[in-house]
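Here the structure comes first, spelled out in structure tokens, and everything after it is commentary.
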Amino acid sequence: MNVIFLIAKRFLMPRNMLEGGIINIISFLGLFIGATSIILSVAVLNGFQGILEDETKKIYGDYAIINFDYDRDKELIENFEKNSIKYAPYYEEEFFISKNKKQSLVNLKTIESSRFDGFYDLELVEDNRGLSDGEIIIGKSLADKMDFSIGDSISIYSTKLNMSYLAMPFTKELLVTNIFKNRILRSDEFLIFTVSKEYSFPNKKFTDIEIVGDIDGVVTMPNDNIVSWKDRNRQLFDATEIEKKITFFTLFLIIVVASFNLSSSVMQIATKKTREMAILSTFGMSKNSISSIFLVYGYLLAITAIVSGILFALLIIYIQNTFGVFMLNPEFYLVSMLPMEISFKDISLLLFYSILIIGLFATLPLMLIKKIRPIELINKNI
């Protein structure tokens, strides 16, 4: 084993704790806490982002063909049929609904009747998932706001005004057969599902198609006509990504501050080891080699602390996901258990930036260490 590594390891674990052990422990704890905090915070944000993604897919599917044209997109539909990929043609229109002087603007999403069942994974109040022509499924927030219940008949009014004063706005009577919940996206405040037997695919009334499944290999991507669930909610998911990055770099300041302490620790160890440095110089070790000992010492201490912090955080994530130690009130947080999810990319980023910062702060004391002349200090009894 390399002599430099052996000596650095001895500095890291001294026999006398008062000579350097306490300094090492303080530096270790700072980096350990920083790494643990970053992994746990990012894991929680990833967990809530994962829930947001799942809830989005329940409403919007995995992909959508926007501004669908059957003549243009016929080949896509044939590929979906061949590969057993589920799709649902639909169109959306805006309507007003009113009850007891309460009004609300809603989006009526009309799906081809033969494709509604089993396509949307809605969280319904009642188990009955079927939907017939003239029936609707409304959101819980909208139902609470407008005092609608299952079995109610409601009237919707078209927002398209006819300029003739004799003409009445288009109205339609619909029966509420079920209520869905989706509080994360707030889509249950404005979205209403219904089906139509009047139109059958590929009728031009259907303007869009939603898709559930993996279309890689079926469709050449990127495709200007196809958008993913994330693209359709780009602002929302961009905001969550920005929040995650801000959290990461804010908590990374803990590691930066701990790295200052690491730099101080390297310098203090160097001043306490002047006698050992003199002995090594006597045996012919160069100043660069002696400086390398303290550089390796700094890296050993820092990387051990950061890796330990990451492993400790991963243990907490495993315990939480397995046993559900940290519970939440679903009325406020929408989920009953604190979600945690971490990726290899997040861990790699932490290690990469940590090594850069540690390298910077562990190298700074070396410039002062090279100026120390241990033999002269010993001769002066300093």
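The table below gives the values:
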{"read-out": "Lone qualifier among GLU78, GLU19, GLU53 - being at pLDDT 85 or above and either surrounded by fewer than 20 Cβ atoms within 10 Å (Cβ to Cβ) or not β-branched (Val, Ile, Thr) (or both)", "value": "GLU53"}
{"read-out": "Those residues of region 324-361 which are surrounded by fewer than 17 Cβ atoms within 10 Å (Cβ to Cβ), of a type in the set (Ser, Thr, Tyr) and at pLDDT 90 or above, in sequence order", "value": "SER343, SER348, TYR353"}
{"read-out": "Looking only at region 96-124, and only at residues there that are over 24 Å from TRP229 (Cα atoms) and either in contact with a helix residue (DSSP H, G or I) (Cβ under 7 Å, 6 or more places away or on another chain) or crowded, with 17+ Cβ neighbours inside 10 Å (or both), the one that is modelled with the lowest pLDDT", "value": "LYS99"}
{"read-out": "ASP121 being free of Cβ contacts under 8 Å to residues at least 12 places away in the same chain, in the same structural domain as THR194 (by TED's automatic domain parsing) and within 32 Å of the chain's Cα centre (by Cα)", "value": "no"}
{"read-out": "Options TYR157, TYR91: the member that is of a type in the set (Phe, Trp, Tyr), more than 38 Å from the chain's Cα centre (by Cα) and assigned by TED's automatic domain parsing to the domain that holds ASP188", "value": "TYR157"}
{"read-out": "Within region 168-218, tally of residues that are within 26 Å of the chain's Cα centre (by Cα), in a strand (DSSP E or B) and modelled with pLDDT under 85", "value": "1"}
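The values are calculated or read from the model by the stated rules, or taken from the named source; none is laboratory data. All of these numbers come straight from a predicted model, not from anything done at the bench. Neighbour counts are summed over all protein chains in view; Cβ atoms, including those assigned to glycine, are modelled from backbone coordinates with ideal geometry.
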